[in-house]
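Student: Sharing a structure below in structure tokens format, with a few things to ask.
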Amino acid sequence: MRRHIVGITGDVESMRMAYADAVHKAGAHPVLLLPTQAKDKIKKISRVVDALLIPGGRDVDPAFYGGKMNKSVKPVSAGRFYFEKTLLKEIMILKKPVLGICYGMQFLNVIYGGTLYIDLPGRKSNPVNHKAGHIIELCNRSKLYYILDIRELAVNSTHHQGIKKLGKRLTATACSQDNLIEAIELRNYPYFIGVQWHPERLSDKYSRRLF
């Protein structure tokens with residue numbers, strides 16, 4: 001049986017084999033996609049791959065959601081952002097699966113008109129440490145809950161930004177104990193999931209189920 005092909009985006013310097021290894025172990029064939037602005041090539045990519053994985057990386061540039069740049073922000077290249085935006089549109093025309101991880105989830109939220117906290121440590125006096133492991137709670141009316149079959153999950157975490165305003169047509173499907181959104185889904189789409197943690201770095205059965 002043919003292995004499904006999963007396209008994985010990212011800047012050249014952020015191509016991490018952990019994502020490719022996780023996809024391979026899940027039974028699919030990973031293909032690392034370098035940014036291009038050639039629309040004909042992007043259309044071809046969307047037809048060749050069976051699913052799209054938008055992995056972690058640096059930050060979404062605040063300019064894309066009306067935020068203000070500060071010294072804590074290290075944005076991904078504009079080339080990567082626009083490549084992912086164009087490719088996502090083509091992938092979704094074909095109704096192919098989409099998974100966003102960390103930056104990938106934040107990117108998906110911004111694409112749908114949402115905003116981000118620029119720097120979580122300044123969000124409140126006693127937040128959950130989102131640069132360390134913590135517990136999240138899943139919504140039991142979600143694809144994510146159906147896939148993982150668990151209500152509370154211990155996750156890893158290395159991010160300093162997070163969703164502030166949820167994008168249009170998106171649903172929050174998991175939250176941390178300080179009510180930060182940890183997972184999202186797009187309504188009325190076959191498979192469109194974003195998670196804030198890094199399942200590619202974990203070896204538990206829940207991470208394997210997600211991939």
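The values are calculated or read from the model by the stated rules, or taken from the named source; none is laboratory data. Worth saying up front: this structure is predicted, and the values here are computed from it rather than measured. Quick reminder, even Gly has a Cβ in these numbers, built from the backbone with ideal geometry, and neighbours come from all protein chains shown. Please note that ligands, DNA and RNA were not included when accessible areas were found on the heavy atoms of the full protein model with its side chains. Shrake-Rupley method; radii C 1.70, N 1.55, O 1.52, S 1.80 Å.
Student: Given a Förster distance of 30 Å, report the FRET efficiency between residue 37 and residue 132 from their Cβ-Cβ distance, rounded to the nearest 0.05.
Tutor: About 0.20, to the nearest 0.05.
Student: Zone of residue 139 (label point 7 Å along Cα→Cβ, backbone N under 16 Å): which residues in the stretch 174-190?
Tutor: Within reach of a label on residue 139: 174-177, 179-190.
Student: Students often check this: by mean Cβ neighbours within 10 Å, which of 86-97, 56-67 ranks highest, and how do the rest follow? Present the calculation step by step, with values, prior to reporting the outcome.
Tutor: Values: 86-97: 16.8, 56-67: 18.4.
Those peptides, ordered most packed to least, come out 56-67, 86-97.
Student: May I pose another question? Rounded to a whole number, what is D in µm²/s for the stretch 50-98 from Stokes-Einstein with the Kirkwood radius over alpha-carbon pairs (4 °C, 1.567 mPa s)?
Tutor: The estimated diffusion coefficient comes to 107 µm²/s.
Student: R0 = 41 Å: FRET efficiency of residue 74 with residue 5, Cβ-based, nearest 0.05?
Tutor: It comes out at approximately 0.85.
Student: Here's something else I'd like to know. Of all the accessible heavy-atom surface of the chain, with the other protein chains kept in place and a 1.4 Å probe, what percent is carbon and sulfur? Numbers along the way, then the final one.
Tutor: Values: 5600 of 10610 Å².
Ligands and nucleic acids excluded, carbon and sulfur give 53 percent.
Student: Now for a separate question. Roughly speaking, what is the centre-to-centre gap between the stretch 149-201 and the stretch 36-102 when only Cα atoms are used, to the nearest Å?
Tutor: With the stretch 149-201 and the stretch 36-102 each reduced to a Cα centre, they are spaced 17 Å.
Student: Have a look at the stretch 20-135 and give its Rg and Dmax from the Cα atoms, expressed in angstrom.
Tutor: Looking at the stretch 20-135, its Cα Rg and Dmax stand at 15.8, 49 Å.
Student: What size of dipole, in debye to the nearest 20, comes out for the stretch 12-160 about its Cα centre when the only charges are +1 on Lys and Arg C-beta atoms and -1 on Asp and Glu C-beta atoms?
Tutor: 340 debye
Student: Could you state the accessible area per residue of the chain in Å², with a 1.4 Å probe and every protein chain left in place?
Tutor: The answer is 50 Å² per residue.
Student: Please go through the stretch 97-201 and write out the GluC sites (Glu not before Pro) that DSSP classes as loop and that have at most 12 other C-beta atoms within 10 Å.
Tutor: Filter output for the stretch 97-201: empty list.
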